[in-house]
Amino acid sequence: MPTPLESLTIKPQNQKTPKRPFVLGIETSCDETAAAVVSADKQILAHRILSQVEDHAAYGGVVPEIAARQHISNLDHLLEGVLGDCHMGLKDIDAVAATTGPGLVGGLMVGVMTAKALARAAGKPFISVNHLEGHALTARLSNHIPFPYLLLLVSGGHCQLLSVQGVGRYRRLGTTIDDAVGEAFDKTAKLLGLSYPGGPSVEKAALQGDEDRFKLPKPLLNKPGCDFSFSGLKTAVRRTAEACAAERGALYPDDRADICASFQKTVSICLVNRLKRAMALFRETAGDGPLPLVVAGGVAANAYLRRDITKAAEEENFTFHAPPPGLCTDNGAMIAWAGLERFIADPDIDDKDTSPRARWPLDSDAAALVGKGKKGAKS
Ligand code: KG4
Ligand code: ZN
């Protein structure tokens, strides 16, 4: 269950007076009910996340119907708590932002309808936020990164390389042609009988394993372009686990750890390979000097991957930036911050006539990819 971001939760009375505007952000696109208030000078004034991990654990993945019901049960109480934490009422908030897509429509509707109702009641603007833009801009809240930067967005629903030029200005350099990388972690964990969500379980099991024991396929390695593919890797994990179980009568913890370590190493090699190609593309327009690389999304919480990507960045004269792990996975601060950036860019903004969208690519000019898996729902 995510822990509250104690270190990032800054109470106004202990700090310099926060600078307006203040934006309340609501996130309900998947299995976290989250809300936060942020200020223009990058203070997170209040921040709460309610994880539904336990409600979905028995199913090994998120059940949309359960997720929507839980958001309904929890959101109003959570919002009361967030406003109480920063000693604010709705009248003190300058705008209300909510994730409008991509994501599970039932959950999105809960967040969007609540946010619109609050905004209307308080006479404040509602700001529609793309969940991917929330991940994409978080590093500007936590790490103060100026535009432009290269972004590797790795989460349960996405695996994309983007050139981030400004608020609302993204160019997709690469994306997955099948599974998202977090999805590959989750499916690997499920296959091996590890707990949900899979990423942290696989990372933990891998610590005890031999990463060189199993040779797994590296889809698209050294191929032209910057796209990713992970579905073949997942199939290979299943075959390897079945072979281990057949040999010893059951899947033992040492085999499981070796599979996790080999899987994680293979994912890392694939990510770094595609990332280096995107770095070369990004450099063509961004120039010679050290250039910023931002890694965001839930999978960016993985310490092993962070280490390898940091090394790749050093080799290519990029500087590595990633939000703290608690701001990599879904949270309300990233939505509040993206809303605030949009509000500052356009003080007359009001999106009350927008509706939730299951699909909403960041770069609408990029060619659509046909595929399966969560990518379809969240890209
Ligand atoms: O960004 P996020 O919270 O939700 C989406 O927008 O999808 O990402 C969740 C994904 C899950 O697939 C989860 O298994 C993965 O991020 N994840 C990790 C780690 N922590 C979360 N993957 C690998 N290692 C981790 N430590
Ligand atoms: Zn996310």
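List of remarks:
- Once the range 284-306 is narrowed to residues that are in a helix (DSSP H, G or I) and open to solvent by less than 10 Å² (accessible area, probe 1.4 Å), the residue that is modelled with the highest pLDDT is Leu305.
- From the list Arg277, Arg307, the lone residue that is outside the structural domain of Ile44 (by TED's automatic domain parsing) and out of contact with any Leu (no Cβ under 9 Å at 6 or more places or on another chain) is Arg307.
- Test: residue in the range 181-189 that is within 16 Å of ligand 1 (Cβ to nearest atom), under 26 Å from Glu284 (Cβ atoms) and assigned by TED's automatic domain parsing to the domain that holds Phe263: yes
- Pairs where the first residue, in the range 44-70, is farther than 21 Å from Ala358 by Cα and the second is basic (Lys, Arg), C-beta under 7 Å, 6+ apart: Gly60/Lys190
- Checked against the criterion of being of a type in the set (A, V, I, L, M) and within 14 Å of ligand 1 (Cβ to nearest atom), the candidates Val112, Val96, Val154, Val167 yield just one match: Val154.
- So Ile44, is it away from ligand 1 (no atom under 16 Å from the Cβ), over 17 Å from the mean Cα position of the chain (by Cα), at pLDDT 90 or above and surrounded by fewer than 18 Cβ atoms within 10 Å (Cβ to Cβ): no
- Filtered residue count, the range 321-354, keeping only those that are open to solvent by 40 Å² or more (accessible area, probe 1.4 Å), in a loop (DSSP other than H, G, I, E, B) and either in contact with a Lys or Arg (Cβ under 6 Å, 6 or more places away or on another chain) or under 27 Å from Gly182 (Cα atoms) (or both): 3
- Within the range 184-194, if we keep just the residues that are open to solvent by 10 Å² or more (accessible area, probe 1.4 Å) and part of a helix (DSSP H, G or I), the residue that is farthest from Leu340 (Cα to Cα) turns out to be Leu191.
Residue-wise test of (1) assigned by TED's automatic domain parsing to the domain that holds Gly193; (2) closer than 17 Å to Arg120 by Cα; (3) at pLDDT 95 or above; (4) not in a helix (DSSP H, G or I).
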site	(1), (2), (3), (4)
Asp55	no, no, no, no
Ala58	no, no, no, no
Gln70	no, no, yes, no
Val82	no, no, yes, no
Val96	no, yes, yes, yes
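- Here Ala312 fulfils each of the conditions (1) in contact with a strand residue (DSSP E or B) (Cβ under 7 Å, 6 or more places away or on another chain); (2) open to solvent by less than 10 Å² (accessible area, probe 1.4 Å); (3) in a helix (DSSP H, G or I); (4) not assigned by TED's automatic domain parsing to the domain that holds Ser39 apart from (1).
The values are calculated or read from the model by the stated rules, or taken from the named source; none is laboratory data. Predicted model, so just to flag it, every value in this text is computed and none were measured. Methodologically, a virtual Cβ is constructed for each residue, glycine included, from the backbone with ideal geometry; neighbour enumeration extends over all protein chains shown. SASA here: full protein model, heavy atoms, side chains in, ligands and nucleic acids out. Shrake-Rupley method; radii C 1.70, N 1.55, O 1.52, S 1.80 Å.
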